[in-house]
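Asks: Can you keep this structure in mind? I'll have questions shortly.
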Amino acid sequence: MGTNCAIDERSRVAQDVRCQVARIRRAIVPPAMNRSAKYQAPFAPGGASEVDRATCERLLGAALACGGDYADLFFEYRASGGVSFDEGIVKAASRGVSAGLGVRVQRGDATGFAYTEDLSIEAMLRAASTAAQIAASGATVAPVPVVERAIARRYELDAPTIDVSGAEKRALLERACNAATQADSRIVKAEASFAEEVREVLLVTSTGVRVFDVQPLFRFGVRCIAEREGRRQEGSSGGGGRTSLAYFEEKSPEWHGAEAARQALVMLDAREAPAGELPVVLAPGDSGILLHEAVGHGLEADFNRKGTSNYAGQLGNEVASPLCTVVDDATLLGSRGTINVDDEGHEPGRSVLIEGGRLRGYMHDRLSAKHYDLEPTGNGRRESFAAIPLPRMTNTVLLAGEDDPESILRSVKRGVFAKRFGGGQVDISNGDFVFSLTESYLIEDGQITAPLKGVNLIGNGPEVLRRVTALGHDLALSDGIWTCGKAGQSVPVGVGCPTIKIDRITVGGTRIG
C-alpha cells in the first residue's frame, strides 16, 4: 500500500478484509437462524433462569451503597469440553460447566471487585456489598433503570460444536491422525485434539445497559512426529474459531493431518540456522502474532495510562514505516477474537491504531477511556466472571500493501523466510522480543531453499515496524489458534497480516556466517 493513501482508501481495504473473511468463514449461518435447541442458555432473557431487572437493580443498589461512581454485574455460564485421540483410541474426554457473578464498583480510578459462584440472592448481595467497600464517601448514586440493548449477531450458529455427538468428533480426530500417518512411512506417531466451549454472558450496568450474548468457540489440532535414522521432528496444524463443524468444509481433517505431516517431514532435512542481522520475510496470516505481541500489547491503553508503554505520549507521532496501518477489528465474522459486545457492555468495532506509520489511538476499556476523555473502544475483556476487565486485543491486523509476494522474495539476496511461529517473550515497557520459529527457510538469491532449525528472531517491536520495506497484497487471517495472556488472564484472539519484508532483524541461530 502506498505511503499517501487516503483514509477512505484504507477503509476500502478494511472492507475487502471483511469480504475475504465472509468468504472463508462459510460455516457462519444467516442471523435469522435460531440458536440450537440443544443448548439452552440459562441466563437468556425469557429463559427459565432469567435474572430479572428487579434483582439486577437491587444488586446494583447494594454495589453503589457506599458512594461508588459506577457498578456492573457480570453473570457468566460456561459449558466446555475436550477430546483427545492418540494411538487409535480416545485417550481423554471431558465436559464441565461453571457459573458465577462478578461485581465491579469504580470510584475515580479505584476499583472494587468481588465474585461468587453461589447465585443465591444472599450470596450475590454479599459480593455486591464487598465490592462496594472501595468507596466510603457516604454519598450514593442511584443506578439508572436497566434497558435491554440489542447487539450484533456475528456468530449465530445452527449448531455449536458442543451440541455435536462425541462420536462425530472422534471420527474427525481419527481422520486427521490417519491422514498424517498415511502420508509417509516416516510418520511414527500422530495425535489430535478438540477443545470447545459455549460462553453465555449477561452484563448489567448502573448506567442502564443490559446485554446478553452467547459465544461459541472451538479449536481443532493435530500433531505428528517424523523419524529418520534416529532423528525426530514434530509437525502440527490446527484451526477453528467462533464457528461450527462446517469449518471442515474449508479445511478437512485430512488437510490438517497432511499439513502436520508435511511440516514434520520437511524439518527432518533442516540445517543449522545462520546467526546475525539478516533480512526476514514473514509469511501472511499467523506471522501476525509477532505484531500482536511485540506491538499490540504496547497499544493497550492501560499501559499507556500508567506510562509503562513505549507508545505513551506518542499519539500523532511516526512510530512505524509509512507502509504500515494496524487495526484491531472485533467484527470479523467467525474469527477467534471476534465479539458482539465487550465484557463491559460496550459495542466493539474497528479501531485504527497505526495509520500510515503514525500512532492514531489505543485500545480502551472504560477506565482508560475516562482517563483520556474518550469513548471506550469495546476492548474491555475478561477471562471469566472471576476477573476484572482489562484493555485487550480482539483481532489485530496489519493491513495489506500493494507488493507482489513473489517479488518480495526475489528482492532478498540472503535472508530468512518465517512461515510458522512458536512461543515468544516480550517486554511491554520497551517492545523488546524474542520469538522462536517452528518452520522457517533460508532465502538465497530470491528463492526459498533449505529448511532451518533452531531459529529465533530477536528485536524490538517498534523498530521492526520502522524497518518494514514491503507489504504484500495477500492479507490473510490466522486460523483460530491463538490465545493471549495478560495479568494472569487468557482470552481468545485473532491475528492477521500480509507477506512482510523487514530489512533486518537479529536472527539467533547456531551457524555463523
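The values are calculated or read from the model by the stated rules, or taken from the named source; none is laboratory data. Being a predicted model, the structure only gives us computed values, none of them experimental. Ideal geometry is used to build each Cβ from the backbone, glycine not excepted, and the neighbour counts take in all protein chains shown.
Asks: Checking R104 against (1) assigned to a loop (DSSP other than H, G, I, E, B); (2) modelled with pLDDT of 95 or more; (3) not hydroxyl-bearing (S, T, Y): exactly one of these is not met. Which one?
Replies: Single failed check for R104: (1).
Asks: Could I ask something else about it? Working only within the range 409-450, note down all residues that are touching a Ser or Thr at 6+ places or on another chain (Cβ under 8 Å), under 22 Å from S237 (Cβ atoms) and of a type in the set (S, T, N, Q).
Replies: T438
Asks: Something else now. Just wondering, is there one or more residues in the range 151-158 that are modelled with pLDDT of 90 or more, among the β-branched types (V, I, T) and in a loop (DSSP other than H, G, I, E, B)?
Replies: Yes - at least one qualifying residue is present in the range 151-158.
Asks: If you take just the strands (runs of 3 or more DSSP E) that sit entirely in the range 410-507, which of them hold at least 1 residues that are over 23 Å from G240 (Cβ atoms)?
Replies: Filter on the range 410-507 gives 414-426, 432-444, 447-453, 456-460, 468-471.
Asks: Among (1) outside any strand (DSSP E or B); (2) touching a Gly at 6+ places or on another chain (Cβ under 8 Å), where does S129 come up short?
Replies: Among (1) outside any strand (DSSP E or B); (2) touching a Gly at 6+ places or on another chain (Cβ under 8 Å), S129 violates only (2).
Asks: When only residues in the range 129-168 that are among the basic types (K, R) and under 24 Å from the mean Cα position of the chain (by Cα) count, which is surrounded by the most Cβ atoms within 10 Å (Cβ to Cβ)?
Replies: The selected residue is R154.
Asks: I want to confirm something. Restricting to the range 294-342 and keeping residues that are surrounded by 24 or more Cβ atoms within 10 Å (Cβ to Cβ) and polar (S, T, N, Q), which single residue is farthest from the chain's Cα centre (by Cα)?
Replies: Of everything passing the filter in the range 294-342, N304 is farthest from the chain's Cα centre (by Cα).
Asks: If you go through the range 73-82 one residue at a time, do you hit one that is part of a strand (DSSP E or B) and within 15 Å of T207 (Cβ to Cβ)?
Replies: Yes; the residues of the range 73-82 include at least one that is part of a strand (DSSP E or B) and within 15 Å of T207 (Cβ to Cβ).
Asks: Among the numbered conditions (1) modelled with pLDDT of 60 or more; (2) not in a strand (DSSP E or B), tell me where E9 comes up short.
Replies: Just one mismatch for E9, condition (1).
Asks: Moving on. Within the range 399-455, can you find the residues that are β-branched (V, I, T) and surrounded by fewer than 17 Cβ atoms within 10 Å (Cβ to Cβ)? Give the steps one after another, and end with the answer.
Replies: Of the residues in the range 399-455, the ones β-branched (V, I, T) are 408, 412, 416, 426, 428, 434, 438, 443, 448-449, 455.
V434, I448, T449 - these are the residues of the range 399-455 that are β-branched (V, I, T) and surrounded by fewer than 17 Cβ atoms within 10 Å (Cβ to Cβ).
Asks: Within the group A114, A93, A136, which residue is closer than 15 Å to P389 by Cα, hydrophobic (A, V, I, L, M, F, W, C), touching a residue at least 12 places away in the same chain (Cβ under 8 Å) and assigned by TED's automatic domain parsing to the domain that holds E57?
Replies: Only one candidate passes the filter, namely A114.
Asks: Let me ask something else about it. Identify all residues within the range 268-286 that are closer than 29 Å to G337 by Cβ and modelled with pLDDT of 95 or more; write none if there are none.
Replies: Within the range 268-286, the first condition is being closer than 29 Å to G337 by Cβ, and the residues that meet it are 280-286.
The answer is V280, V281, L282, A283, P284, G285.
Asks: Could you pull out every one of the strands (runs of 3 or more DSSP E) wholly within the range 325-408 that has 3 or more residues that are farther than 28 Å from F218 by Cβ? Walk me through it before giving the result.
Replies: On the way: elements: 326-329, 350-355, 395-398.
Output list reads 350-355.
Asks: Next up: Only one of these conditions is not met by R305: (1) touching a helix residue (DSSP H, G or I) at 6+ places or on another chain (Cβ under 6 Å); (2) at pLDDT 95 or above; (3) closer than 18 Å to Q106 by Cα. Which number is it?
Replies: (2)
Asks: Here is a further query. Among the candidates A190, A260, A226, A264, single out the residue that is over 22 Å from T483 (Cα atoms), touching a residue at least 12 places away in the same chain (Cβ under 8 Å), in contact with a Ser or Thr (Cβ under 6 Å, 6 or more places away or on another chain) and crowded, with 22+ Cβ neighbours inside 10 Å. Spell out how you get there, then give the answer.
Replies: On the way: A260 fails: over 22 Å from T483 (Cα atoms); A226 fails: in contact with a Ser or Thr (Cβ under 6 Å, 6 or more places away or on another chain); A264 fails: in contact with a Ser or Thr (Cβ under 6 Å, 6 or more places away or on another chain).
Exactly one residue qualifies, and that residue is A190.
Asks: Looking at the range 413-465 only, could you name the residues that are among the aromatic types (F, W, Y) and within 17 Å of E277 (Cβ to Cβ)?
Replies: Correct list: F417, F433, F435.
Asks: Same structure, new question: Return a yes/no flag: does the range 284-292 have any residue that is outside any helix (DSSP H, G or I), among the β-branched types (V, I, T) and either farther than 30 Å from D163 by Cα or in the same structural domain as N460 (by TED's automatic domain parsing) (or both).
Replies: No, there is no match, as no residue in the range 284-292 is outside any helix (DSSP H, G or I), among the β-branched types (V, I, T) and either farther than 30 Å from D163 by Cα or in the same structural domain as N460 (by TED's automatic domain parsing) (or both).
Asks: Next up: With the requirement that a residue be surrounded by fewer than 21 Cβ atoms within 10 Å (Cβ to Cβ) and either on the phi > 0 side of the Ramachandran plot or out of contact with any helix residue (DSSP H, G or I) (no Cβ under 9 Å at 6 or more places or on another chain) (or both), what does the range 240-257 give you?
Replies: Correct list: A246, E249.
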